[in-house]
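Asks: Could you have a look at this structure, given as structure tokens, before my questions?
We did not get these values from a lab; they are worked out from the coordinates using the rules stated. The structure displayed is predicted, hence computed values, not measured ones. Quick reminder, even Gly has a Cβ in these numbers, built from the backbone with ideal geometry, and neighbours come from all protein chains shown.
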Amino acid sequence: MNPLKIVILTGAGISAESGLSTFRAQNGLWEGHNVDDVATYEGYQRDPLAVHSFYNMLRKKLHDPSVQPNSAHYALAELESKLGSENVTIITQNVDNLHEKAGSKNIIHMHGELLKTRDEQTGEVFYCDEDIDYQKNHNIRPHIVWFGEIPLYMDEIYDHLMNADYFISIGTSGHVYPAAGFVQIANQAGAKTVELNLEPSLKQSEFQVTIYGPASKIVPEFIKRFE
Ligand code: OAD
């Protein structure tokens, strides 16, 4: 039998127990900040310094020693090392580095990465683990997909979804497309679709299996079945 192809979509909920805020919870990032100001290109054009200061703050948080992968990130990394990177793909909406820190290798950051910047003129992407100084270089922007921009690696992502035996969605509310539409594609491709989340997402009814609870508990438990 061919090995199972497992495609995993992660969202902010998988990193919540690691100390990173989700977006839409009470006290979430979008409650304290106006999305149009900090997560659109128009907002960036209006006030680049404010936008850089927001992402500099988020980047700095990744260096907080208390922000570490939790057992959900580790369970996914172990799954990949057991089944092989060709059989386990993480598509993440998260811009943090906790999947990498946990040891996962096959990670697609569809919404970009806090630890990267991009030159607006050339499109070149650079590693960056410090504050971006806009005053020094006006061409450098955060390597983050803002609202109204097209997420990264979409062709590759659709290929993975079309070939998935399992599609497991973890810690995402289902508010943001195209990620919110992946379950439908995976269902059409014949995959078994699973939602692991703290509470039912907007897409709950489209999943064949739903399990609710904190990711640090339900992800390692669910992943055991592939051992
Ligand atoms: P949201 O903040 O919209 O949703 C987080 C989900 O995680 C919610 O459904 C919570 O119930 C769930 N959750 C919270 N704590 C959890 C825990 N401990 N265990 C399991 N689940 C938990 O975040 P996303 O769905 O990731 O885009 O948001 C998608 C995109 O919207 C983000 O990538 C971001 C945002 O605007 C960009 O910035 C481009």
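Asks: Can you name the residue in region 187-211 that is under 18 Å from the mean Cα position of the chain (by Cα) and of a type in the set (A, V, I, L, M, F, W, C) and is also surrounded by the fewest Cβ atoms within 10 Å (Cβ to Cβ) among such residues?
Replies: 202
Asks: While we're on this one: Anything in region 1-26 that is surrounded by fewer than 16 Cβ atoms within 10 Å (Cβ to Cβ) and free of Cβ contacts under 8 Å to residues at least 60 places away in the same chain? List them, or say none.
Replies: Answer for region 1-26, where residues must be surrounded by fewer than 16 Cβ atoms within 10 Å (Cβ to Cβ) and free of Cβ contacts under 8 Å to residues at least 60 places away in the same chain: 1, 2, 19, 25, 26.
Asks: Name the single residue that is surrounded by the fewest Cβ atoms within 10 Å (Cβ to Cβ) among those in region 27-69 being part of a loop (DSSP other than H, G, I, E, B), touching a Leu at 6+ places or on another chain (Cβ under 8 Å) and not aliphatic (A, V, I, L, M).
Replies: Taking the candidates together, the pick is 68.
Asks: Out of (1) on the phi < 0 side of the Ramachandran plot; (2) surrounded by 23 or more Cβ atoms within 10 Å (Cβ to Cβ); (3) within 12 Å of the ligand (Cβ to nearest atom), what's the single condition that is false for residue 171?
Replies: Condition not satisfied by residue 171: (1).
Asks: Yes or no: region 150-161 includes at least one residue that is away from the ligand (no atom under 13 Å from the Cβ), under 25 Å from residue 35 (Cα atoms) and not charged (D, E, K, R).
Replies: Yes, because at least one residue in region 150-161 is away from the ligand (no atom under 13 Å from the Cβ), under 25 Å from residue 35 (Cα atoms) and not charged (D, E, K, R).
Asks: Report every pair of residues separated by at least 6 positions or lying on different chains whose Cβ atoms are under 9 Å apart, first residue within region 29-51 and farther than 27 Å from residue 19 by Cα, second within 12 Å of the ligand (Cβ to nearest atom) and small (Gly, Ala, Ser).
Replies: Here the result reads 41/148; 42/148, each pair linking region 29-51 to a residue that is within 12 Å of the ligand (Cβ to nearest atom) and small (Gly, Ala, Ser).
Asks: Still on this structure: Residue 125 versus (1) within 13 Å of the ligand (Cβ to nearest atom); (2) without any contact (Cβ under 8 Å) to a residue 60 or more places away in the chain; (3) touching a His at 6+ places or on another chain (Cβ under 8 Å): which is the lone unmet condition?
Replies: Of everything listed in (1) within 13 Å of the ligand (Cβ to nearest atom); (2) without any contact (Cβ under 8 Å) to a residue 60 or more places away in the chain; (3) touching a His at 6+ places or on another chain (Cβ under 8 Å), residue 125 misses just condition (1).
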